[in-house]
1. Within the stretch 68-83, name every residue whose backbone N is under 20 Å away from a label modeled 7 Å from Cα of Tyr41 along the Cβ vector.
2. Scan around Val101 for amide H atoms under 5 Å from its own, H built in the peptide plane at 1.01 Å from N, and keep only partners 5 or more places away or cross-chain.
3. Using a Gaussian network model of the chain with C-alpha springs under 10 Å, which one of Leu21, Leu96, Leu79 is most mobile by mean-square fluctuation?
4. Using a cut-off of 15 Å between beta-carbons, work out the net charge of the residues near Val74 (Lys and Arg +1, Asp and Glu -1, Val74 not included).
5. I'd like the orientation of helix 2-11 relative to the chain: the angle between its Cα long axis and the longest Cα principal axis, in ° from 0 to 90, rounded to 10.
6. Got the relative contact order for the chain handy, in percent, Cα pairs under 8 Å and 6 or more residues apart?
7. Residue-wise, which Karplus ³J(HN,Hα) couplings in Hz belong to the stretch 18-24, taking 6.51 cos²θ - 1.76 cosθ + 1.60, θ = phi - 60°, and x for glycine or proline?
8. Tell me, what is the FRET efficiency for Glu19 and Leu99 to the nearest 0.05, using R0 = 30 angstrom and their Cβ-Cβ distance as r?
Amino acid sequence: AHAWLARNVRRNRVGGVVEPLLGDCREVAPRGVADRVVMGYVGGTEAFLPAAMEALAPGGGVVHFHDKYPVEDVPARPLAAVGAAARGAGRTARLLSWLEVKSFAPGIVHAVLDVGVR
């Protein structure tokens, strides 16, 4: 994925805007600059929420959060996870939108939330 991103950055001549970083986001993500954090990993995504909060600019932004949950727990459970991470970082969170992407397994869905964090 990193190689494809780097190739597309060159192809689209956006090197001055997009800098592909390779590594664990908890170690390589810039801090305090993002207005949108895309968390596209599915499975254990909650473990990366503290890094997402640190990446957001001081004024906040949007966390685009993917993971899989029991269908009856969506959107409350993932929103609670993002909200807890926000509170842990001295921030607030509110649900902007959510979508059931697809069925992951019987009774389990891949869900995505956009959460405004300030």
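1. Answer for the stretch 68-83: 68-70, 78-83.
2. His110, Ala111, Val112
3. So, out of Leu21, Leu96, Leu79, the one fluctuating most is Leu21.
4. Details: positive: Lys68, Arg77, Lys102; negative: Glu46, Asp67, Glu72, Asp73, Glu100, Asp114.
Within the 15 Å Cβ shell, the charges total -3.
5. That works out to roughly 50 degrees.
6. Values: 198 pairs, mean separation 27.5, N = 118.
23 percent.
7. These are the phi-based 3J(HN,Hα) values: 10, 10, x, 10, 9, x, 5 Hz.
8. Working: r = 29 Å, r/R0 = 0.96.
The calculated FRET efficiency here is 0.55.
The values are calculated or read from the model by the stated rules, or taken from the named source; none is laboratory data. The structure presented is a predicted model; accordingly, all values stated were derived computationally and were not measured. All Cβ positions, even for glycine, are placed from backbone atoms using ideal geometry, and neighbour counts span all protein chains on display. Heads up: the accessible areas ignore ligands, DNA and RNA and are worked out on the full protein's heavy atoms, side chains in. Shrake-Rupley method; radii C 1.70, N 1.55, O 1.52, S 1.80 Å.
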